[in-house]
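Below you'll find the structure, written out as C-alpha cells, and then a few comments.
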Amino acid sequence: MTFWRSRPEPFVDAGAARLAFLLHEYNAIRAELVAAVSTQQTVMNYGLAAIAVIYTGVLASWSNTALRTGILALAPLVLVFVWFVWYGEVQRLLRSRWFLWELEKKVNGLLARPLPPAESDLPAGDVLHWESWIRGRNRWRANLHSRPAYHLATGLLCGTGLGTTVLSVWLAAGLGRPLVWVAVGAAVLFLLLLGYAFHLFRRNPFLADAGKTIA
C-alpha cells in the first residue's frame, strides 16, 4: 500500500508578488515607449528621404512635363501614407505615456510614505516621479512634452503633400485629358486621406489633455 505525502504549498508573500508584477509591467511599458520613439524617428527619416527622392526626380525630369506632373500627382499619396505609419507610432507612444502615468499614481498610492521635504522638485514620499514631473510637477509648473515637434512633423508631411497636390492639378490643367484624370483622381484620394487623418487626430483621446499642466 502506497501512502502519498502531500507537499506543503510554497509560501507566497502577496504584497511582494504584487509589487514584482507591477515592476515587470512598468519595465515592459517603458520598453514599449522607447521602441515607439525609435520607430518614429526611423519612419520620419524614411519620409524625409522619400521627399528628397521625389523632388530630385521632379527636378531631373523638369523638361518632361508629363512625367513631372505624374510624379507630383502621386507623391502626396506616398507622403500621407508615411504620415499614417508615423502617427501610429505616435499613438503607441502616447498610450504608453498615459498608462505609465496611471501606473505611477497607483504605485505611489500603494508605497508613498510621509517623509521630510528634500532639496528637490520631486516629492520625497513618492516612489515614481517621471510622468508627474514632465506633466507639470516641476519647478517651472509647465508641461514639458515636446508637442511642437509633432506638429511640425505633421505640417511637413501633410503640408508638403497638399502643396504638391495643388501644383500637380495646376500643371495637369494645361495637358491632355489622361493626365488631368490622374492628377484629379490622386488629388481626391489625397484629400480623402487627409480628412481621415484630421478625423483621427481630433478623435484621439490621448491628445485631449496632452498639453495640460497638472497641479
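The values are calculated or read from the model by the stated rules, or taken from the named source; none is laboratory data. Just so we're clear, the structure is a prediction, and the values are computed from it rather than from any experiment. Every residue, glycine among them, receives a Cβ derived from its backbone with ideal geometry; neighbour counts consider all protein chains shown. The protein model used for the area step is the full one, side chains on, heavy atoms only, and it has no ligands, DNA or RNA in it. Shrake-Rupley method; radii C 1.70, N 1.55, O 1.52, S 1.80 Å.
Look through the stretch 90-111, keep the residues that are open to solvent by 60 Å² or more (accessible area, probe 1.4 Å) and more than 17 Å from LEU22 (Cβ to Cβ), and return whichever of them is farthest from the chain's Cα centre (by Cα). This residue is ARG95. Tell me, please, whether a residue that is at pLDDT 90 or above, farther than 30 Å from PHE198 by Cβ, assigned to a helix (DSSP H, G or I) and not charged (D, E, K, R) can be found in the stretch 80-103. The answer is yes; a qualifying residue exists. Residues in the stretch 173-193 that are surrounded by fewer than 17 Cβ atoms within 10 Å (Cβ to Cβ), in a helix (DSSP H, G or I) and at pLDDT below 90: ARG177, PRO178.
Against the list (1) surrounded by 14 or more Cβ atoms within 10 Å (Cβ to Cβ); (2) out of contact with any Cys (no Cβ under 8 Å at 6 or more places or on another chain), the condition HIS199 fails is (1). Scanning the stretch 112-122 for residues that are touching a helix residue (DSSP H, G or I) at 6+ places or on another chain (Cβ under 8 Å) and either open to solvent by less than 60 Å² (accessible area, probe 1.4 Å) or closer than 19 Å to GLU25 by Cβ (or both) yields a single hit, ASP121. Residues of the stretch 124-171 that are surrounded by 13 or more Cβ atoms within 10 Å (Cβ to Cβ) and part of a loop (DSSP other than H, G, I, E, B): ALA124, GLY125, ASP126, VAL127, LEU128, HIS129, ARG135, GLY136, ARG137, ASN138, ASN143, HIS145.
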